[in-house]
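Only one structure is covered here, and it is reproduced in the block below.
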Amino acid sequence: DAKTTQPTSMDCAEGRAANLPCNHSTISGNEYVYWYRQIHSQGPQYIIHGLKNNETNEMASLIITEDRKSSTLILPHATLRDTAVYYCIVRVGGGTSYGKLTFGQGTILTVHP
Amino acid sequence: EPEVTQTPSHQVTQMGQEVILRCVPISNHLYFYWYRQILGQKVEFLVSFYNNEISEKSEIFDDQFSVERPDGSNFTLKIRSTKLEDSAMYFCASAGLSPSRSYNEQFFGPGTRLTVL
């Protein structure tokens, strides 16, 4: 699986958009970008994933650059409950992959009132 | 919404003792995993399980560890002779296709905190 690089920590004001970057310059053509988060030692929670097109769901949006070497997770209106560690994970994915998830250190997002 | 459950939430044991951590995956899922997280460190993969056999394991998952799906609903992790360094949060996860059947995601349980004294 390709390696990812994320900032160690970020801050965001409540109600504002949180934009979390991830660099994955060695991503392969069949690798997807997944985002998970972990709220205060709870089990990690799936957020979103994508291959090359931008994706949006009820939790977040994922913007992947055209060359696929980096991506940004966007939480459009951050709340205090979004304070968590956010993990960007690259792996072979889609509907046919049930392989392991390889977690890095992630980005600690702190949402302030 | 279906969820993965784990018991106990906290297990304290003496070094050298055997422990069994239990998980109930989401009912229609077929892929099961164990991960662990030592305090302050990243989440690490231990083992994946499918069709009643291990499909992948990490270097951490040595002969002291074993997994089993004894009755079609539970998924267990056994540590035969615990060491101090086994103290960690252990997460169970299960995976299956999304309702749209277009992708899979791993659902994690709340974890079991294992403390080895």
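Bear in mind that the values in this text are calculations on the coordinates, not laboratory data. On a predicted model such as this, the values are computed, not experimentally measured, just so you know. Please note: Cβ atoms are built from the backbone with ideal geometry, for glycine as well, and neighbour counts cover all protein chains shown.
List of remarks:
- A cut-off of 5 Å between modelled amide H atoms, ignoring neighbours fewer than 5 places along the same chain, links B:Thr5 with B:Val24.
- Hz values of 3J(HN,Hα) by residue in segment A:50-63 - Karplus curve (6.51, -1.76, 1.60), Gly and Pro given as x: x, 9, 9, 8, 5, 10, 9, 9, 5, 9, 6, 10, 10, 10
- Taking amide hydrogens as placed 1.01 Å from N in the peptide plane, the amide H of B:Glu56 sits under 5 Å from those of B:Ser48, each at least 5 positions away in sequence or on another chain.
- Placing +1 on the Cβ of every Lys and Arg and -1 on the Cβ of every Asp and Glu, with nothing else charged, gives chain A a dipole about its Cα centre of roughly 220 debye.
- Surrounding net charge for A:Glu14, when Lys and Arg each add one and Asp and Glu each subtract one, Cβ distance under 15 Å: 0
- Between A:Cys88, A:Cys22, A:Cys12, the residue with the greatest mean-square fluctuation in the GNM of chain A (Cα pairs under 10 Å linked by springs) is A:Cys12.
- Other-chain or far-sequence residues with amide H under 5 Å of B:Gln11's (modelled H): B:Arg113, B:Leu114, B:Thr115
- Pair A:Val92, B:Ile54: separation of 7 Å Cα→Cβ label points (nm): 2.1 nm
- Pair A:Ile63, A:Ile108: separation of 7 Å Cα→Cβ label points (nm): 2.7 nm
- Karplus (6.51, -1.76, 1.60) ³J(HN,Hα), θ = phi - 60°, over segment B:12-26, in Hz, Gly and Pro reported as x: 10, 9, 8, 3, x, 7, 8, 10, 10, 9, 10, 9, 10, x, 5
- Each Cα pair under 8 Å and six or more residues apart adds its separation to the average, and for chain A the resulting relative contact order is 36 percent.
- Protection proxy ranking, peptides B:34-46, A:65-77, average beta carbon neighbours within 10 Å, highest first: B:34-46, A:65-77
- Number of partner chain Cβ atoms within 10 Å, mean per residue of A:42-54: 4
- Every pair of different Cα atoms in chain A enters the Kirkwood calculation, which places the hydrodynamic radius at 14.0 Å.
- Residue among A:Tyr87, A:Tyr46, A:Tyr98 with the largest mean-square fluctuation in a Gaussian network model of chain A, springs linking Cα atoms under 10 Å: A:Tyr98
- Backbone geometry of segment A:22-28 corresponds, through the Karplus equation with coefficients 6.51, -1.76 and 1.60 at θ = phi - 60°, to 3J(HN,Hα) couplings of 8, 9, 9, 5, 9, 4, 9 Hz, x marking Gly and Pro.
- For the pair segment B:1-27 and segment A:1-47, the centres of their Cα atoms are 27 angstrom apart.
- When chain A is treated as a GNM with alpha-carbon contacts under 10 Å, the residue of A:Gly50, A:Gly15, A:Gly99 showing the greatest mean-square fluctuation is A:Gly99.
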